[in-house]
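Have a look at the structure below before the remarks.
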Amino acid sequence: MQLSTHWGHHRIFAPNAYRIVRQMQAVPVLHTEAIHLATWFPLCWARTDDGPVLVALRSLLDGGLGFTSESRKSSASLPMAFQAFPVAVPSPDDIASQVIAVDRVIADQPTDAGAPLIADNGKLSRAALMRAGTALTLGRILPSTLRLTRAIDEAGLLEPWPLKFPVPGAPDIVFDGLMVIAASRLDRGVMFNLIEQHGPTAGLFIAAQRISLFQIGKLLNSAKIAIANRLRAEKSVAKA
């Protein structure tokens, strides 16, 4: 819903108080976040009906399992979409008028009393202003990310990235529908065109995206640990 003074009773909490932030595996991100997020997660594209969407792959397992301990503990690993949550910009067209909206999702695991969305004076609280600023920044940059993604796709640089890992005593870990930049298809001409059309950040983004794929090892290790813990718990229950 669009934000108004009627939201004075509504409170917002730390991002991890919300289930979606704790459990969402693939989160849409901006290309300008790539250098930072490559420290934590593989960056790739998810296939959708509207075309490829740039995402950070945070876990190979659903249900909030398989997150690395470092990413779970650090708020620095949160993509901007979750730094702003539950505040968002409905569409890029609303940037100029600075229209923002708020998700009415319930914080199911709050660790404190949170902060009011609207202060007593009818204006956004300090906490809400910070998230609104992040949301507006995200909305302002998103069109550039979409244009760069479209250019990369139209240049034929994307290839499928099927993920399938065997796990002893458990079903294979499978994550479908992802794509990455094919290093074999990159050449000076393609890179020059992308940088000429989208600026130097395009080149930095492509380098960060390729480097980020090494983070899949961390996700796989965390997923195997989570599965092993679950199997041990199931055996304990069966013996009891």
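The values are calculated or read from the model by the stated rules, or taken from the named source; none is laboratory data. Every value quoted in this text rests on a predicted model; they were computed, and no experiment measured them. Positions of Cβ are generated from backbone atoms using ideal geometry, with glycine treated the same way; all protein chains shown enter the neighbour counts. Each accessible area value is taken on the protein alone, full model and side chains, heavy atoms only, with ligands, DNA and RNA left out. Shrake-Rupley method; radii C 1.70, N 1.55, O 1.52, S 1.80 Å.
Quick check: is even one residue across the stretch 72-86 outside any loop (DSSP other than H, G, I, E, B), surrounded by 20 or more Cβ atoms within 10 Å (Cβ to Cβ) and hydroxyl-bearing (S, T, Y)?
The answer is no; no qualifying residue exists.
When only residues in the stretch 149-201 that are exposed (fewer than 11 other Cβ atoms within 10 Å of the Cβ) and among the basic types (K, R) count, which is farthest from I227 (Cα to Cα)?
R188
Please give the number of the condition D108 fails out of (1) open to solvent by 50 Å² or more (accessible area, probe 1.4 Å); (2) at pLDDT below 85; (3) charged (D, E, K, R).
Every condition holds for D108 apart from (2).
Would you confirm whether any residue within the stretch 135-145 is under 16 Å from I206 (Cβ atoms) and open to solvent by less than 40 Å² (accessible area, probe 1.4 Å)?
Here is the first cut: in the stretch 135-145, the ones under 16 Å from I206 (Cβ atoms) are 144-145.
With open to solvent by less than 40 Å² (accessible area, probe 1.4 Å) added as a condition, the list becomes 145.
Within the stretch 135-145, one or more residues are under 16 Å from I206 (Cβ atoms) and open to solvent by less than 40 Å² (accessible area, probe 1.4 Å).
Identify all residues within the stretch 217-240 that are of a type in the set (A, V, I, L, M, F, W, C) and crowded, with 19+ Cβ neighbours inside 10 Å; write none if there are none. Even if it seems obvious, please write down each step before you answer.
Taking the stretch 217-240 and keeping what is of a type in the set (A, V, I, L, M, F, W, C), we get 219-220, 223, 225-228, 231, 233, 237-238, 240.
If the condition is that a residue be of a type in the set (A, V, I, L, M, F, W, C) and crowded, with 19+ Cβ neighbours inside 10 Å, then L219, A223, I227 are the ones that fit.
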